1. What number of residues within region 1-44 satisfy the criterion of being among the hydroxyl-bearing types (Ser, Thr, Tyr), free of Cβ contacts under 8 Å to residues at least 12 places away in the same chain and assigned to a helix (DSSP H, G or I)?
2. Take the conditions under 15 Å from Leu97 (Cβ atoms) and touching a helix residue (DSSP H, G or I) at 6+ places or on another chain (Cβ under 6 Å) and apply them to Ile288. Does it pass?
3. Could you list, ordered by first residue, the pairs with Cβ atoms under 6 Å in which the first is in region 92-115 and surrounded by fewer than 21 Cβ atoms within 10 Å (Cβ to Cβ) and the second is outside any helix (DSSP H, G or I) and basic (Lys, Arg), at least 6 apart or interchain?
4. Return only the number of the condition from (1) in a loop (DSSP other than H, G, I, E, B); (2) over 30 Å from Pro268 (Cα atoms); (3) in contact (Cβ under 8 Å) with a residue 40 or more places away in the chain; (4) hydrophobic (A, V, I, L, M, F, W, C) that Ile60 does not satisfy.
5. Six or more apart or on different chains, Cβ under 8 Å: which pairs go from a residue in region 161-173 that's of a type in the set (Val, Ile, Thr) to one that's modelled with pLDDT of 95 or more? Could you list them?
6. Go through region 21-57 and give me each residue that's aromatic (Phe, Trp, Tyr) and at pLDDT 95 or above.
7. Quick one: which residue in Leu434, Leu423, Leu345 is among the hydrophobic types (A, V, I, L, M, F, W, C), within 12 Å of Phe51 (Cβ to Cβ), assigned to a helix (DSSP H, G or I) and modelled with pLDDT of 95 or more?
8. From Ala317, Ala335, Ala304, which residue is of a type in the set (A, V, I, L, M) and buried (at least 24 other Cβ atoms within 10 Å of the Cβ)?
Amino acid sequence: MTKLSSKEIVDLSREYTFFSWSVQGQVNPIPVTKAEGVYFWDADGKRYLDFSSQLMNTNIGHQHPKVVKAIQDQAAELCFVHPGNATGPRGLLGKKLAEVTPGRLKKTFYALGGAEANENAIKIARFYTGRHKILARYRSYHGATHGSIALTGDYRRLAVEPAMPGGVHFLDPFCYRCPFGQKPESCKRECIAHLEEVIHYEGPDKIAAIIMEGVVGSNGLIVPPDDYWPRVREICDKYGILLISDEVMSGWGRTGKWFAVDNWGVEPDIITTAKGITSGYVPLGAVIVSEEIAEFFEDKYLYAGLTYNGHTLACAAALATIEVYEEDGLIENAATLGKYLGEALEDIKERHPSVGDVRYIGLFSAIELVVNRETKEPFPPAVMGEVGKVLKDNGLFTFIMAKKDLGTIVFVVPPLCITREQLDEGLALVEKGLDVADKVVTGK
């Protein structure tokens, strides 16, 4: 391919392609040309530490040689076949997914990403139960396609409504900004009572499934109380409702376990996943269902199909990626370093008056910034823009949220291969950004 300058890369990309979730005339992308491990470089040779695993998916780090070679080898042998045909990578990956997912989850429908996975989970839940409604939380993101955006609770849903009918939302177990006005010491899990009340209003016999992210990701990284997932499981069992865990972002070692629900010993009826399944090297999504659901379709037609279902190259990449998780001890590293990260974030909170809350589980964490710790007022977007500029100028790349209704948050979600020294390097850069917000709080 013709070697392009940084300006040419940006200009061509802006003129001829759309960028996600942005005003097109305001985008200012980094022209990336190389990556390795936890770092990537722009066309001018500037190095960035990747503190958001690009978009929380490059879990094994960039350009892992084992996965690159698996892609090259599979491409040389067989890239694609008709989705009705069988291949070795397709079958072997299905078997491996049955092994690493919890309990009786067994059979997989392949897609190309998280949104497609959730679309097909909706279909499967409706076919299996004969019911129509799907419950999801307000602070959630499940994808941007017709059905998945209907389940998404945040502002991105509002702009494209009307979307798929049958989606119903309920409030979150967000302890820092409890929607029920409770404090941790007085909490009686009103969030659980609220969910059951919504179920009664909507009709238990009308609800096919409840879908929740294992840990809420881009809507603020909300780690639920330890009894939340088990109690939702009990409610689903009580009313014959399927439980779907959206592990697109929180799966694949991110929380120190294979999947986030493993932290609470919960077995969902369906897991949807993507992102870390191939670490983003090749697009792939998956819907893994219980043995009972799989058996249901043995004599019933499955009205679901995609041209790239079981894509050979993607499945080979996923197999190699899962081997990397196991052989390189990345899930164990996420658990071990996650404890260190949690302690470091608590220390940062103590030292920076702009930090209202820190939330973390494994290497999945976020720093919520507030103008005032008592009122928990978010910062203006302009201030968060300044914070982001400082981080970028100092060679740190991460995801920053600046939404009045969702909060002002700096995410710390590095690849699972990161070392303690690299983590310290990144946190020191994060503090440079926090210094900007501190000055707004203190007026100094």
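The values are calculated or read from the model by the stated rules, or taken from the named source; none is laboratory data. Quantities reported herein were computed from a predicted structural model and do not represent experimental measurements. Reconstructed Cβ throughout: ideal geometry from the backbone, glycine too, with neighbour counts over all protein chains shown.
1. Adding up the residues that qualify gives 1.
2. Yes: the conditions hold for Ile288.
3. Close Cβ pairs (under 6 Å, with a partner that is outside any helix (DSSP H, G or I) and basic (Lys, Arg)) amount to Ala98/Lys106.
4. Unmet for Ile60, out of (1) in a loop (DSSP other than H, G, I, E, B); (2) over 30 Å from Pro268 (Cα atoms); (3) in contact (Cβ under 8 Å) with a residue 40 or more places away in the chain; (4) hydrophobic (A, V, I, L, M, F, W, C): (2).
5. From residues that are of a type in the set (Val, Ile, Thr), the pairs are Val168/Lys133; Val168/Ile134; Val168/Leu135; Val168/Ala136; Val168/Val198; Val168/Glu202; Val168/Ile207.
6. Tyr39, Phe40, Trp41, Tyr48, Phe51
7. So the residue among Leu434, Leu423, Leu345 that is among the hydrophobic types (A, V, I, L, M, F, W, C), within 12 Å of Phe51 (Cβ to Cβ), assigned to a helix (DSSP H, G or I) and modelled with pLDDT of 95 or more is Leu423.
8. Ala317
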